[in-house]
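Heads up: the structure comes next, in C-alpha coordinates.
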Amino acid sequence: MATMITIRLNDEPMSCEAEQTVNQFVKQLDLPIQGTAIAINQRIVAASEWSTTVIADGDQIALFQAIAGG
(Lines give C-alpha, C1' and ligand atoms only; values in the text may rest on other atoms or scores of the structure.)
Protein backbone atom coordinates (compact mmCIF):
# COMPACT_ATOMS: atom_id res chain seq x y z
CA MET A 1 0.00 0.00 0.00
CA ALA A 2 1.37 3.39 -1.01
CA THR A 3 1.96 6.10 1.56
CA MET A 4 -0.34 9.05 0.98
CA ILE A 5 0.37 12.74 1.59
CA THR A 6 -1.88 15.79 1.59
CA ILE A 7 -1.21 18.73 -0.69
CA ARG A 8 -3.23 21.72 -1.86
CA LEU A 9 -3.87 21.88 -5.60
CA ASN A 10 -5.17 25.30 -6.66
CA ASP A 11 -6.23 25.91 -3.02
CA GLU A 12 -8.15 22.62 -2.75
CA PRO A 13 -6.91 19.82 -0.43
CA MET A 14 -5.95 16.65 -2.25
CA SER A 15 -4.31 13.34 -1.37
CA CYS A 16 -1.61 11.85 -3.56
CA GLU A 17 1.12 9.24 -3.31
CA ALA A 18 4.29 10.16 -1.47
CA GLU A 19 7.62 10.30 -3.33
CA GLN A 20 5.92 11.35 -6.57
CA THR A 21 7.68 13.62 -9.04
CA VAL A 22 5.90 16.53 -10.68
CA ASN A 23 6.02 14.61 -13.97
CA GLN A 24 4.26 11.62 -12.40
CA PHE A 25 1.72 13.91 -10.73
CA VAL A 26 0.82 15.64 -14.02
CA LYS A 27 0.42 12.25 -15.72
CA GLN A 28 -1.75 11.02 -12.81
CA LEU A 29 -4.07 14.01 -13.32
CA ASP A 30 -4.20 13.10 -17.04
CA LEU A 31 -3.09 16.59 -18.08
CA PRO A 32 -1.20 17.43 -21.23
CA ILE A 33 2.41 18.29 -20.51
CA GLN A 34 2.48 20.79 -23.38
CA GLY A 35 0.99 24.09 -22.24
CA THR A 36 0.97 23.24 -18.52
CA ALA A 37 2.86 25.24 -15.89
CA ILE A 38 3.32 24.30 -12.23
CA ALA A 39 4.30 26.35 -9.20
CA ILE A 40 5.11 24.69 -5.89
CA ASN A 41 5.00 26.91 -2.83
CA GLN A 42 4.91 29.97 -5.10
CA ARG A 43 7.98 28.92 -7.11
CA ILE A 44 7.60 28.05 -10.78
CA VAL A 45 9.05 24.63 -11.54
CA ALA A 46 10.65 24.54 -14.99
CA ALA A 47 9.48 21.64 -17.15
CA SER A 48 13.10 20.45 -17.30
CA GLU A 49 12.92 19.92 -13.49
CA TRP A 50 9.63 17.99 -13.42
CA SER A 51 11.28 14.55 -13.48
CA THR A 52 13.54 15.38 -10.50
CA THR A 53 11.26 17.56 -8.34
CA VAL A 54 9.45 15.49 -5.71
CA ILE A 55 6.15 16.65 -4.23
CA ALA A 56 6.17 16.80 -0.42
CA ASP A 57 3.46 16.65 2.21
CA GLY A 58 1.87 20.06 2.68
CA ASP A 59 3.06 21.49 -0.65
CA GLN A 60 0.89 24.20 -2.17
CA ILE A 61 0.68 23.51 -5.89
CA ALA A 62 -0.70 25.94 -8.45
CA LEU A 63 -1.40 24.49 -11.87
CA PHE A 64 -1.87 26.66 -14.94
CA GLN A 65 -2.84 25.65 -18.47
CA ALA A 66 -2.42 27.77 -21.57
CA ILE A 67 -5.68 28.42 -23.37
CA ALA A 68 -5.68 29.16 -27.08
CA GLY A 69 -8.10 31.70 -28.37
CA GLY A 70 -8.48 34.86 -30.24
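The values are calculated or read from the model by the stated rules, or taken from the named source; none is laboratory data. If you're wondering where the values come from, they're calculated on a predicted model, not measured in any experiment. FYI the Cβ positions are ideal-geometry reconstructions off the backbone, even for glycines, and counts take in every protein chain you see. Remember, those area values only see protein heavy atoms, side chains included, never the ligands or the DNA or RNA. Shrake-Rupley method; radii C 1.70, N 1.55, O 1.52, S 1.80 Å.
Listed values, structure above:
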item: Carbon + sulfur, % of accessible area of the chain - ligands and nucleic acids excluded, 1.4 Å; result: 51
item: Cα-projected label distance for Phe64 with Ala2, points at 7 Å along beta-carbon direction, nm; result: 2.7
item: Solvent-accessible heavy-atom area per residue, rounded to whole Å², over the chain at 1.4 Å; result: 68
item: Leading residue at positive end of dipole, region 3-43 (Cβ point charges), from Met14, Thr36, Gln24; result: Thr36
item: P(r), alpha carbons of region 16-67 - 10 Å bins starting at zero, rounded %; result: 25, 64, 11, 0
